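Participant: Please read through the structure below; I'll follow up with questions.
Taken together, the values in this text are just the output of simple stated rules run on the coordinates, not laboratory data. Every value quoted in this text rests on a predicted model; they were computed, and no experiment measured them. Every residue, glycine as well, gets a Cβ built from its backbone with ideal geometry; the counts of neighbours run over all protein chains shown.
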């Protein structure tokens, strides 16, 4: 056992402990001696390993290069968002939950907001433009999220070009987010009752430019990867999980669709008017990492189709309201672009500070106290890029969530890591996890 | 209070929401045959604590009542599912188009097996388990809520069971739905609900040696006051609230 300045031997009395600090493999091999311990090597991969997708810790029992048992250690990114939401108003909750799965913030907001709107019983009162904007943002978000999945997945198997072009295109989506919501991430844009503000001028043109560009760029991914023998050799038949496995372990999203079963909540239980859009559910029939890659690639094409339709609808909805008409729910404040960037609308400030005492009281009440949500519970799942994302929203009739729990698809899907990687090589564990596409912010919340 | 009248829908929220839904109305408390349980109480008109309520409504005490039991017929496929589950269910609640079956924990395993295996039910997909802590629901403080989906029939139901704080045991669903594994570990971690029969009920999000169960209502949020430009902002759980 070496004495390492940086890594003290762990405090355990259970078996032998080796602190590996490099160039000491000989000591360890001789220290193992004979018997059970010599054949059983348990390796911790992570939580700070570059290819485990954030702070995911893998506990692998290996025999040579073969993984015999694999377990996950999670919780390194637990931030207590759900607990914190119980101490904020219903509207402020959006600001918290958008930070959970940081690659698909709009979906976190959406499922929570749909739950709140169902409890408020205002589902049918949401303006059409707000719904179209939600769909538009969610589908843009699906593209950016899938791009990160493909990019990081490529990087982890050494396909660095896939990573660089993936992040290049994602940046374009984030620019659109910045244009529409003011922020690249953590938008808190979808609010109970609608969305925070209207489309800015010129946004539709930029969205159309983006769609046109993506139609040129997406074939690059296909040309680079689809038939690439190295790419296929690394991905095909790796991380296999068939339909029965998916159902038993509750897997949804691209993993489920890669088994050939076309379950998509946007089709099965539509929300936000998805039933009125023309798109297809993408499936693959190999139930492996390669199939999941192809599903994601095809889904980006479908998202582009939906974005085009949403943009056409928005062009006809200029000036339409984006927030529910009920003033007891709708956020009173408005944002506008000033000389120093986005901030409170000066017209609104003038109105409440100079013109109407009642407007000031109304603003103050709604912003500090918030609105009350009838007691009850709701669960409205949405199809996030990773699968079924649902918020179980419980109200006791107060101005704050009594409990908000997020069923995050990454959290659930990571359970399949063991089944997907046991019996395979260590290098395949990385591929299998990349094909699940877990985002630890969502897993640990 | 509002400067201009709500322009739009007829169902604008006119009153405190607790009084809005008919099923929430306090008179249901006296109705025979319908069990309505208060899970807490709300004091005052505005929920302000720790400072004087000068509105004159400071003495107001209203029970917090969750939506009550639904009466037959429930409508649509709700009846099909309810017929099958009838002997195992304590109460059926339909609220906002979602159906909740309250099942006693003694019947939970049987109910879940039926829910998964019966050809007319076939809820083959368990979304997850979530705990809710109702400190005011005497004898049933800890609730476990299961969301299930049937891909065959494209239906969704919610199954809710409860355990008292003094005996926080609920049978594990892992043998029936392996997907429940991590969700039950999370619920144990956050609420201290013990799922009997779970293969390895250990903490999952909090560190192994963490004391307490953070999502329980009696567990403080924590936080420190923050000084900003000479003023001190108290931590979120000590700020004035209107709940």
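Participant: Restricting things to alpha carbons, tell me how big the range A:139-283 is in terms of Rg and Dmax, in Å.
Facilitator: 17.5, 50
Participant: While we're on this one: Run the numbers for residue A:44 and residue A:185: contour at 0.36 nm per residue of separation, minus the present Cα-Cα distance, in nm. Numbers along the way, then the final one.
Facilitator: On the way: separation 141, 0.36 × 141 = 50.76 nm, distance 3.15 nm.
Going from the current span to full extension adds 47.6 nm.
Participant: Inside 10 Å of the C-beta atoms of A:401-408, what's the mean count of C-beta atoms belonging to other chains? Mind showing how you got there, number by number?
Facilitator: Numbers: counts 1, 9, 9, 1, 12, 2, 6, 1.
Mean partner shielding for this stretch: 5.
Participant: Run the quick spin-label model on residue A:342 and residue B:77: label points 7 Å from Cα toward the beta carbon, then report their separation in nm to one decimal.
Facilitator: So the label points at residue A:342 and residue B:77 sit 4.0 nm apart.
Participant: Find the Cα radius of gyration of the range A:52-204, compare it with 2.2 N^0.38 Å by division, and give the number to two decimals.
Facilitator: It is 1.26.
Participant: Sticking with this structure for a sec: For the range A:111-249, what does the relative contact order come out to in percent, with C-alpha contacts under 8 Å and a separation of six or more?
Facilitator: Values: 90 pairs, mean separation 29.6, N = 139.
Taking the mean separation of contacting Cα pairs over the length of the range A:111-249, I get 21 percent.
Participant: How far is helix A:289-316 tilted off the main Cα axis of chain A, in degrees rounded to 10, range 0 to 90?
Facilitator: 10 degrees
Participant: Shifting gears a bit: Per residue of B:141-151, count partner chain C-beta atoms within 10 Å of its C-beta, then hand back the mean as an integer. Mind showing how you got there, number by number?
Facilitator: Working: counts 0, 0, 3, 0, 6, 0, 7, 0, 9, 0, 6.
Mean number of neighbouring Cβ atoms from other chains: 3.
Participant: Per residue of A:185-195, what is the mean number of Cβ atoms on other protein chains within 10 angstrom of that residue's Cβ?
Facilitator: Numbers: counts 0, 0, 0, 0, 0, 0, 0, 0, 0, 0, 0.
Average neighbour count from other chains, rounded to a whole number: 0.
Participant: Hey, another quick one. So what's the back-of-envelope 222 nm ellipticity for the protein assembly as shown, counting only DSSP H runs of four-plus at -39500 (n - 2.57) apiece and dividing by all residues, rounded to 500?
Facilitator: -10000 deg cm²/dmol
Participant: Counting C-alpha atoms alone, how compact is the range A:306-384: give Rg to one decimal and Dmax as a whole number, in angstrom.
Facilitator: 16.9, 45
Participant: Helix A:128-156: angle to the longest alpha-carbon principal axis of chain A, degrees 0 to 90, nearest 10?
Facilitator: With rounding to tens, the tilt is 20 degrees.
Participant: At a Förster radius of 41 Å, what calculated FRET efficiency corresponds to the Cβ-Cβ distance of residue A:355 and residue B:219, to the nearest 0.05?
Facilitator: After rounding to 0.05, the efficiency reads 0.35.
Participant: As an exercise, take the mean of 1/r over every pair of distinct alpha carbons in the range B:150-190, invert it, and state the Kirkwood radius in angstroms.
Facilitator: Details: mean 1/r = 0.0821 Å⁻¹.
Evaluated over the range B:150-190, this radius sits at 12.2 Å.
Participant: Points 7 angstrom from Cα along the Cβ direction at residue A:215 and residue A:69: gap in nanometres?
Facilitator: With each label point 7 Å from Cα toward Cβ, the separation is 5.4 nm.
Participant: What's the whole-number percent of alpha carbon pairs in chain A lying beyond 44 angstrom? Don't jump to the answer; show the numbers that get you there.
Facilitator: On the way: 18737 of 98790 pairs.
Percent of Cα pairs beyond 44 Å in chain A: 19.
Participant: Quick one, can you get me the convex hull of the C-alpha atoms of the range B:63-175 expressed as volume per residue in Å³? Could you put the intermediate results ahead of the total?
Facilitator: Working: hull volume 11.8 nm³, N = 113.
Measuring per residue, one finds 105 Å³ for the Cα hull of the range B:63-175.
Participant: Arranged from highest to lowest average of other beta-carbon atoms within 10 Å per residue, in what order do the peptides A:131-142, A:313-324, B:142-153 appear? Don't skip to the answer; put the middle values down first.
Facilitator: Values: A:131-142: 25.2, A:313-324: 16.5, B:142-153: 21.2.
For the peptides A:131-142, A:313-324, B:142-153, the packing ranking is A:131-142, B:142-153, A:313-324.
Participant: Also, I was wondering about something else. Label points 7 Å out from Cα along the Cβ direction at residue A:244 and residue B:104: separation in nm?
Facilitator: 3.6 nm
Participant: Kirkwood Rh and Cα-based Rg: tell me the resulting Rg over Rh for the range B:112-174, rounded to two decimals. Working shown, then result.
Facilitator: On the way: Rg = 13.4 Å, Rh = 12.6 Å.
Looking at the range B:112-174, the ratio lands at 1.06.
Participant: Still on this structure, please answer the following. For residue A:28 and residue A:285, FRET efficiency with R0 = 60 Å and r from the beta-carbon atoms, rounded to 0.05?
Facilitator: On the way: r = 44 Å, r/R0 = 0.74.
With R0 = 60 Å, the Cβ-Cβ based efficiency is 0.85.
Participant: Kindly express, to the nearest 10 degrees and within the range 0 to 90, the angle between helix A:105-120's C-alpha long axis and the longest C-alpha principal axis of chain A.
Facilitator: 50 degrees
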